[in-house]
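Taking it in order: structure first as structure tokens, then the write-up.
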Amino acid sequence: MPTSLKFGTSGLRGLVSELDGPPAYLYARAFAEMVAAAAAPARAVLVARDLRASGPSIMARCLRAVADAGLVPVDCGEAPTPALALEAQRAGQPAIMVTGSHIPDDRNGLKFYEAKGEIDKADEAAILARLDALAGVAPSLGPPPAAERRDGVAPYLRRIVDFFGARALDGLTVGVHQHSSVSRDLLVDLLGALGAEARPFARSDAFVAVDTEALRAEDVALAREFAGSNRLDAIVSTDGDADRPLVAGADGAFLRGDLVGAITAAFLGADAVVTPVTSNSALEACGRFARVERTRVGSPYVIEGMARAAEAGSRLVVGFEANGGTLLGGDVERDGRRLAALQTRDAALPIVACLAAAARARRPLAELAAAYRFAHALSDRLERVPTERSAAFVARLSDDSAHRERTLAPRGGVASIDRRDGLRMALGRGETLHYRPSGNAPELRVYVEAPTEASARDLLAFGVALARRETM
């Protein structure tokens with residue numbers, strides 16, 4: 001099997017040139033055979049995709065594989081990842097999402113869901129074992145089979161509208177950066193159904209790799225320009241498969257994803273939040289949650305942490321990542337309305353929750369966000385860095401204390417380290433520098449926190465320059 005294909009923080013990812021064809025078929029068939037052999041065997045598998053150029057071809061491979069495994073393929077068309085997950089949960093059927101999320105268009109991937117929700121690391125191992133057993137199988141690469149069609153988007157939209165109500169966003173004017181997000185039209189419809197005026201802009205026919213943790217300078221500038229020429233209350237968007245939100249205030253300045261998650265959790269009344277080590281250190285200090293549990297990066301780890309929090313007696317657990325993707329661990333009841341749990345990353349819920357929180361408080365979104373007193377945090381990434389180089393760089397900083405102290409002396413030295421996921425270093429100046437090799441692409445992630453915006457920018461420049469010098 002091609003070496004670029006691997007399970008990362010959430011799903012299988014790799015180059016299109018290595019995924020489209022026999023590998024896509026074989027991975028999908030291994031998953032279909034796994035769910036067919038389960039204690040409660042599946043009879044059908046739902047399949048959907050985002051708007052990448054390679055999506056239709058890879059989706060056809062998956063539909064064929066499901067049929068060849070003896071199950072019924074169900075074509076859900078173009079749909080957000082959380083919409084497919086919700087339909088799988090509602091129907092009690094497994095699903096395959098064809099998406100590369102936020103990574104460039106020359107890459108794509110597969111996300112797998114069982115009826116109970118997103119697969120875990122044990123399920124990934126089971127898929128790989130079945131993949132080995134399929135080594136002698138000749139993949140069927142002919143036309144896709146006739147498949148049942150199903151709309152997975154409408155129930156996803158209704159879930160939000162029915163809970164928040166048709167007047168939740170009355171009076172708000174919201175810009176929608178559409179680009180190539182699979183939810184670009186859904187967001188416009190959703191905001192309108194909740195009473196807001198939606199103003200779409202920057203729709204793209206070509207796929208745009210929007211990474212909510214490392215926004216491109218042109219995306220930042222575009223939002224500020226649109227905000228400057230329009231009277232808006234907010235700007236919203238998502239990544240390609242719409243499981244990571246972007247939320248900006250009236251000035252077009254985007255909020256960090258972990259802050260979006262925190263506002264959402266507080267609005268829903270969560271007493272516990274579960275989030276990776278990359279999220280802002282202010283979460284423990286803000287006083288809004290009885291329990292804050294930290295995990296490694298990746299929704300499977302967040303889901304495991306949410307289960308632990310629930311077992312420990314937490315009433316409502318909300319999980320989120322630094323990218324803003326938010327997972328709802330239990331049903332929420334309010335004013336006779338019910339919001340069903342959905343334990344996969346979602347963008348629509350945090351977007352609407354942030355807007356509704358600002359509308360309810362009658363305060364600008366930026367003012368509402370400032371009350372959480374998050375540390376100034378920034379992130380960036382070095383692209384096209386082979387994983388082995390990133391790993392070697394992080395390992396040397398982690399294991400060679402003399403080298404670490406020498407290297408970080410200009411930043412006040414290292415007060416403590418956290419090796420839970422990559423290397424997170426608390427520095428002597430009250431700053432934090434965190435390196436983490438990406439689990440989905442040949443990238444090295446760099447995260448910083450500092451007391452002021454200027455010091456955060458300075459630390460990020462220092463951290464990126466250090467990593468570039470050592471890895472490239």
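Assorted remarks:
- The listed residues are Ala79, Ala40, Ala88, Ala83, and the only one of them that is surrounded by fewer than 24 Cβ atoms within 10 Å (Cβ to Cβ) and farther than 14 Å from Pro144 by Cβ turns out to be Ala40.
- Flag for Arg373 being in contact with a Cys (Cβ under 9 Å, 6 or more places away or on another chain) and of a type outside the set (A, V, I, L, M): yes
- Residue in region 100-115 that is in contact with an Asp or Glu (Cβ under 7 Å, 6 or more places away or on another chain), modelled with pLDDT of 95 or more and either assigned to a loop (DSSP other than H, G, I, E, B) or assigned by TED's automatic domain parsing to the domain that holds Arg216 (or both) present: no
- Of all residues in region 261-281 being part of a loop (DSSP other than H, G, I, E, B) and more than 22 Å from Ala248 (Cα to Cα), the one that is modelled with the lowest pLDDT: Val277
- When Asn230 is tested against the conditions (1) at pLDDT below 95; (2) surrounded by fewer than 19 Cβ atoms within 10 Å (Cβ to Cβ); (3) assigned to a loop (DSSP other than H, G, I, E, B); (4) touching a strand residue (DSSP E or B) at 6+ places or on another chain (Cβ under 8 Å), the lone failure is (1).
- The lone exception for Val236 - which of (1) modelled with pLDDT of 95 or more; (2) outside any helix (DSSP H, G or I); (3) surrounded by fewer than 21 Cβ atoms within 10 Å (Cβ to Cβ); (4) among the aliphatic types (A, V, I, L, M) it fails: (3)
Table: residues versus (1) part of a helix (DSSP H, G or I); (2) closer than 30 Å to Thr173 by Cβ; (3) in the same structural domain as Gly11 (by TED's automatic domain parsing).
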site	(1), (2), (3)
Arg363	no, yes, no
Ala391	yes, no, no
Pro410	yes, no, no
Ser416	no, no, no
Asp421	no, no, no
Arg436	no, no, no
Tyr447	no, no, no
Arg457	yes, no, no
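- A search for C-beta distances below 7 Å between a residue of region 429-443 that is modelled with pLDDT under 85 and any residue that is crowded, with 22+ Cβ neighbours inside 10 Å and not in a strand (DSSP E or B), counting only pairs 6+ apart in sequence or on different chains, returns Asn440/Ile103; Ala441/Ile103.
The values are calculated or read from the model by the stated rules, or taken from the named source; none is laboratory data. Please read all numbers here as calculations on a predicted model, not as lab measurements. When we count neighbours, we look across all protein chains shown, and the Cβ atoms used for this are built from the backbone with ideal geometry, even at glycine.
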